[in-house]
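Undergrad: Got a structure for you, written out below as structure tokens; questions coming shortly.
The values are calculated or read from the model by the stated rules, or taken from the named source; none is laboratory data. This structure is a prediction, so every number in the text was calculated from the model and none was measured. Neighbour counts are summed over all protein chains in view; Cβ atoms, including those assigned to glycine, are modelled from backbone coordinates with ideal geometry. Just the protein is used for accessible areas: all its heavy atoms, side chains included, with ligands, DNA and RNA removed. Shrake-Rupley method; radii C 1.70, N 1.55, O 1.52, S 1.80 Å.
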Amino acid sequence: MSDRSWRWSPFLRVHGLLIPLGLILLANVLRFSGWDDRLTALFFDPVAMTFPARDWPGLERWGHHWAKTAVVCVWVGLLGAAVLAPKLPRLAPHRKLLWLTVAAMGLGPILVTLIKDINTHDCPWNLKMFGGPDDYSAEWFVSRSRAGRCFPGGMRRAVSQ
């Protein structure tokens, strides 16, 4: 397989272009149709004015600690496979794909952190519609002090002011 055919392979077109564009489209449809708020409201207790699962220890342990550990283990395994690929005949043909996956998995968290630092998306519990102090805002390219730190996904504990 030549370098040119690898770069424009159907796999890369689908996984590198079509899937990300589809997810961007879906995110915008959910946001502008109001389904984003409806889905969020399913997890909100209007009587207690809180998200009951927000402080659930199991969610922190399973959803953050163990999930992150599993992803790091997969990444380390892929890194090892990429390093050993030239010496292992079964992996040699997949060396470029292994390195691309290692790079993508390594750069992904960095990109998410950078995106969180440049927009005003707040966590749902910080929004007035869910009992918080902040109005909804979807501004991009703001100063770090104005950043909401909750997009795309993530948690930010409310800070006392």
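Undergrad: Name the residues in segment 44-101 that are within 17 Å of the chain's Cα centre (by Cα) and farther than 23 Å from residue 11 by Cβ, would you?
TA: 59, 60, 62, 63, 64, 65, 66, 67, 68, 69, 70, 72
Undergrad: Which pairs do you get when a residue that is at pLDDT 90 or above, found in segment 16-33, comes within reach of a residue that is open to solvent by 100 Å² or more (accessible area, probe 1.4 Å), reach meaning Cβ atoms under 8 angstrom, with the pair 6+ apart or on two chains?
TA: Close Cβ pairs (under 8 Å, with a partner that is open to solvent by 100 Å² or more (accessible area, probe 1.4 Å)) amount to 29/35.
Undergrad: Under 9 Å between Cβ atoms, which residue pairs at least 6 apart in sequence (or on different chains) link something in segment 42-68 that is within 16 Å of residue 123 (Cα to Cα) with a partner that is open to solvent by 100 Å² or more (accessible area, probe 1.4 Å) and part of a loop (DSSP other than H, G, I, E, B)?
TA: These pairs meet every condition: 51/43; 52/43; 53/43; 54/43.
Undergrad: Do any helices (runs of 4 or more DSSP H) lying entirely in segment 30-142 carry at least 3 residues that are in contact with a Ser or Thr (Cβ under 9 Å, 6 or more places away or on another chain) and open to solvent by 50 Å² or more (accessible area, probe 1.4 Å), and which ones are they?
TA: Ranges flagged: none.
Undergrad: Can you tell me which residue among 127, 59, 91 is closer than 28 Å to residue 16 by Cα and not charged (D, E, K, R)?
TA: 91
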